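To start, the structure under review is shown below, and the notes come after it.
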Amino acid sequence: MEPSIEESKNRRLYFRRKKVLAVVLLILIFLYSGINLYVNRATFWQALKDEYEALVIGEATPNEAIAELETMMTDEAYERMDFVELFSLANVLMDKREINDFSYIKDETGSLHYASFYRERDTEMFEYAMRVMRLKEYVSQYGTDVLFVIAPSKYVKSESVLRTGMPINDPETKVDELLFYLNRLDVDTLDLNQYIPCDEVPYEEAFFKTDHHWTAKAAFYATQVLCNTLNDSYGYGLDIENYLTEDVYSTVTYRQGMLGSMGRGTGVFFSGIDDFTAYYPDFEMNFYRNTLQENGEYSSLEGDIIGTLILPDTLTSDSIYSDSQYSLYMNGLRQFEQIENKDNPDGLSVFMIRDSYFSPVISFMAPLCGSIDAMWSMEEFDELDIERYVKENRFDCIIIEYYPYNIEESAFEYFKETD
């Protein structure tokens with residue numbers, strides 16, 4: 001049956017509207033792309049040159065270079081956070097508990113978590129444990145103690161109430177398997193999941209809602225647990241009473257100032273904003289700190305603990321989307337640190353293989369030690385090599401710390417083979 005004249009007219013009008021909308025959208029896309037390229041032209045051009053050089057010298061494959069450029073262009077997009085917040089608001093209005101295709105999920109208390117539909121079992125857990133054991137065996141000839149520490153997971157079954165069907169990424173099985181192998185191989189371990197949360201640090205005060213990190217309060221308590229363990233296991237005699245109690249620290253709470261990496265990924269409407277409680281020492285102590293920066297150059301600071309290890313200037317950023325207030329301690333995370341306690345030069349010498357969870361721990365523990373060298377467990381600088389550094393330097397103690405979600409091949413790039 002042939003359509004009527006009126007039906008044909010309506011059909012043509014319908015498709016004409018579709019074409020007009022498509023043309024308008026294309027114009028807007030090209031207009032935004034032009035503005036984005038113009039505003040970020042210097043950044044984009046430098047990135048292109050960097051990736052081209054990486055291709056020429058063989059440091060990157062074409063696919064890796066393209067992926068790196070795509071990531072950079074997304075991160076540097078003009079007014080990117082306005083689009084993120086618009087999307088965040090839309091998800092709130094729909095009463096959703098997941099965002100960005102289940103990149104993050106939100107529990108009923110408002111805390112953000114990592115999501116995962118399918119987690120392939122890591123079959124290399126025993127090998128990771130063997131690498132730690134080889135490290136321990138190597139340094140034991142020099143009288144160096146080794147302690148393996150697991151930072152607490154933000155997801156706690158008894159505390160995190162989820163809507164039905166939310167695919168939480170629970171690392172408990174992975175942690176238990178690794179600790180089992182380490183204990184069988186006679187490596188000393190400390191699982192902070194057994195201590196946090198607790199009566200002194202309840203769950204709601206142990207973790208940020210908008211970030212995967214623990215709070216300063218939880219880190220302070222964990223440092224007490226760690227130092228007591230070191231004293232009990234190795235007889236170090238660290239002066240906890242005078243330098244690591246609530247009596248010698250003051251707290252300051254900054255209201256609605258903390259937006260973590262998860263919150264920056266989902267937008268404020270979806271995540272909310274955290275308060276941030278900082279711990280400041282009431283005592284003065286002189287430190288020297290040498291840091292490897294992201295550009296490959298070293299910078300140094302010297303003076304009181306506030307200003308070298310604890311940096312209040314990081315709290316004064318104009319934008320909540322810049323570094324989170326967690327960066328108050330040790331600038332968050334740097335590839336490599338050398339810290340000397342000028343007031344306790346003969347104190348305990350420590351090497352930490354760590355991630356960002358231990359930034360506040362280093363700040364709180366440094367007054368009890370003589371020196372702390374720290375290297376990011378997932379370091380990527382060519383001039384850094386954990387195994388070489390361990391072999392070329394001597395320490396009283398090596399502390400290896402991992403956040404549960406960082407337990408993977410790239411975090412154990414040392415002592416792969418026996419000599």
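The values are calculated or read from the model by the stated rules, or taken from the named source; none is laboratory data. Keep in mind that what you see is a predicted model, and the values were worked out from it rather than measured. Glycine also receives a Cβ, built like all others from the backbone with ideal geometry; neighbour counts cover every protein chain displayed. Only protein heavy atoms, including side chains, enter the accessible area calculation; ligands, DNA and RNA are left aside. Shrake-Rupley method; radii C 1.70, N 1.55, O 1.52, S 1.80 Å.
Scanning residues 5 or more positions from Val149 or on other chains, those with amide H under 5 Å from its amide H are Leu190, Ile400, Glu401, Tyr402, with H placed 1.01 Å from N in the peptide plane. If you plug the beta carbon distance of Leu13 and Ala54 into 1/(1 + (r/R0)^6) with R0 = 56 Å, you get a FRET efficiency near 0.60.
Which percent, to the nearest 5, of DSSP beta bridges fully inside the chain are antiparallel?
Roughly 60 percent of the beta bridges in the chain run antiparallel, per DSSP.
Summed over the residues of the chain and divided among them, the accessible surface reaches 52 Å² per residue at a probe radius of 1.4 Å. Model label sites at Asp282 and Thr251, defined 7 Å from Cα along the beta-carbon direction, differ in position by 1.5 nm. Can you tell me how segment 260-419 classifies by the Cα gyration tensor, rounded, prolate or oblate, using a/c under 1.5 as the rounded cut? Since a/c reaches 1.5 but b/c is at least a/b, the shape of segment 260-419 is classed as oblate. Applied to segment 113-120, the Karplus parametrisation 6.51 cos²θ - 1.76 cosθ + 1.60 on θ = phi - 60° returns per-residue 3J(HN,Hα) values of 9, 6, 10, 6, 7, 9, 10, 6 Hz, with x for Gly and Pro.
For segment 24-166, give the percent of accessible area contributed by carbon and sulfur heavy atoms, probe 1.4 Å, rounded to a whole number.
About 59 percent, which is the carbon plus sulfur part of the accessible surface.
Modelled spin-label separation between Ala42 and Asp385, with each label point placed 7 Å from Cα along the Cα-to-Cβ direction: 3.8 nm.
With all protein chains in place and a 1.4 Å probe, the accessible surface of segment 292-401 carries 40 percent carbon and sulfur.
Taken as Cα centroids, segment 88-114 and segment 225-245 sit 41 Å apart, rounded to the nearest whole angstrom. Computed about the Cα centre, the dipole magnitude for the chain is approximately 2260 debye when only Lys and Arg (+1) and Asp and Glu (-1) carry charge, each at its Cβ. Beyond 18 Å, what percent of the Cα pairs of segment 279-351 remain? Percent of Cα pairs beyond 18 Å in segment 279-351: 46. How would segment 144-254 be classified by its alpha-carbon gyration tensor: rounded, prolate or oblate, with rounded meaning a/c under 1.5 and the a/b versus b/c comparison settling the rest? It is oblate, given that a/c is not under 1.5 and a/b is not larger than b/c. Taking θ as phi - 60° and the Karplus parameters 6.51, -1.76 and 1.60, the scalar couplings of segment 217-224 work out to 5, 5, 5, 5, 5, 5, 5, 4 Hz in sequence order, x denoting glycine and proline.
The DSSP beta bridges internal to segment 260-416 are antiparallel in roughly 65% of cases. Does segment 1-129 classify as rounded, prolate or oblate by the C-alpha gyration tensor (a ≥ b ≥ c root eigenvalues; a/c under 1.5 gives rounded; else a/b over b/c gives prolate, otherwise oblate)? In terms of gyration-tensor shape, oblate. Using the alpha-carbon centroid of each, what span in Å lies between segment 1-68 and segment 116-189? Segment 1-68 and segment 116-189 have Cα centres separated by 44 Å. For segment 191-208 and segment 341-419, write down the distance between their C-alpha centroids in whole Å. Going from one Cα centre to the other spans 24 Å. Note on the chain: with a GNM built from Cα contacts shorter than 10 Å, the maximum mean-square fluctuation among Asp274, Asp50, Asp239 falls on Asp50. Result for the chain in a Gaussian network model with C-alpha springs under 10 Å: among Thr277, Thr109, Thr123, the largest mean-square fluctuation is at Thr123.
Spin-label model, Ile66 to Thr164: label points 7 Å out along the Cα-to-beta-carbon direction sit 4.3 nm apart.
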